[in-house]
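Chemist: Have a look at the structure that comes next, please.
No lab work stands behind these numbers, since they all come straight from the coordinates. Note that the structure is a prediction, hence the values are computed from the model and not measured. Every residue, glycine as well, gets a Cβ built from its backbone with ideal geometry; the counts of neighbours run over all protein chains shown.
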């Protein structure tokens, strides 16, 4: 009898052990799924995970704001190590500065960052060339404006001056985009109600008469539907400093129209609108399908004319179930800031430069890459790209 009870107890304990192992495996799987932090971004440059460098003994890499780098741009880009720490970068030992530190520049500076818009002279000042000849650290060409607004930068005058490029072009040495969409770790199963808005189309613009001809397109669009224009010479937003929020609370669509039609040129106009409960109507020369999920925006190039676009917007206005479909992507994706990625890529390039040195670009090759040529220019006129114009 005793052996029978012992056998039962032994079987019960084995069951408890097996059940415990099973439950632990299930809980571990759930934990790993929930807290998996690897990014998933099928709409932009493929992300790769790298362990964060924990070695605090890495020497600081000073990145110097060189040339005539303007102060607003410096403040936007940041100072010190903080931008790299905030970005949780692989390398966090970079230090942005506009001051020469402890002795001669070539002994202390690991990279020179030039804002091209602030270097519009015919050629670099002699002091810049003296600096260039005295060191083999990278000289970086930074520009976020399109070729249509690069102040006619004289690339030939800067021939063999820059080693690295940092722009919104995917083919840049350091990819510096205005925004990015990332897959959410946990999908949103309930979306806010985007429907109760009475007004249709809004446009926030700082000036008229852009090179890309967007003003003419809007004028044609207004023949079919009303466009409420804010900023610059137009009406002011009721809430100063909160204009986009006001527009998103009152309008269904926002004209995210770029001021120039250049390859890959997409600014915050597009990404900021995606953050809000508005549908962006895009006007540009980028491949938007590589940047955002399907049915998250409306491209003017998909319509034969401004009139046809206007009629489609009116259709969505009176068909709420179709309008609501433009927000389903928000269940799975969110817009994030790309400044951190640019900082991280910059610091990584600077740290690895001694192993990955590049010859300085000739002025001709850099200009061809940036502006294209006569048969294949980077920027075009609206009549060459936009239907109905």
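Chemist: With Rg and the Kirkwood Rh both taken from Cα atoms, where does Rg over Rh land for segment 299-389?
Modeler: 1.18
Chemist: Output the peptides 123-134, 221-232, 160-171 sorted from most to least packed, where packing is the average of other Cβ atoms within 10 Å over each peptide's residues.
Modeler: Highest to lowest by the protection proxy: 160-171, 221-232, 123-134.
Chemist: Could you tell me the calculated FRET efficiency between residue 68 and residue 160, based on Cβ-Cβ distance and R0 = 22 angstrom, to the nearest 0.05?
Modeler: Values: r = 20 Å, r/R0 = 0.93.
For R0 = 22 Å, the calculated efficiency reads 0.60.
Chemist: Could you rank the peptides 211-218, 251-258, 299-306 by their average count of other C-beta atoms within 10 Å per residue, with the highest value first?
Modeler: By packing density, highest mean first, the sequence is 251-258, 211-218, 299-306.
Chemist: How far apart, in nanometres, would the label points at residue 98 and residue 228 be if each is projected 7 angstrom from Cα along the Cα-to-Cβ direction?
Modeler: 3.8
Chemist: Give me the one-decimal nm value for the distance between modelled label points at residue 365 and residue 301, 7 Å along each residue's Cα-to-Cβ direction.
Modeler: With each label point 7 Å from Cα toward Cβ, the separation is 2.9 nm.
Chemist: Sort 283, 323 so that the residue with the fewest other Cβ atoms within 10 Å of its own Cβ comes first and the one with the most comes last.
Modeler: 323, 283
Chemist: Next up: Equivalent-ellipsoid semi-axes (√(5λ), Cα gyration tensor) for segment 181-336, whole Å, largest first?
Modeler: For segment 181-336, the semi-axes come out at 23, 18, 17 Å.
Chemist: Between residue 314 and residue 249, what length comes free when the chain is fully extended (0.36 nm per residue of separation minus the Cα-Cα distance, one decimal in nm)?
Modeler: In short, 21.6 nm is gained.
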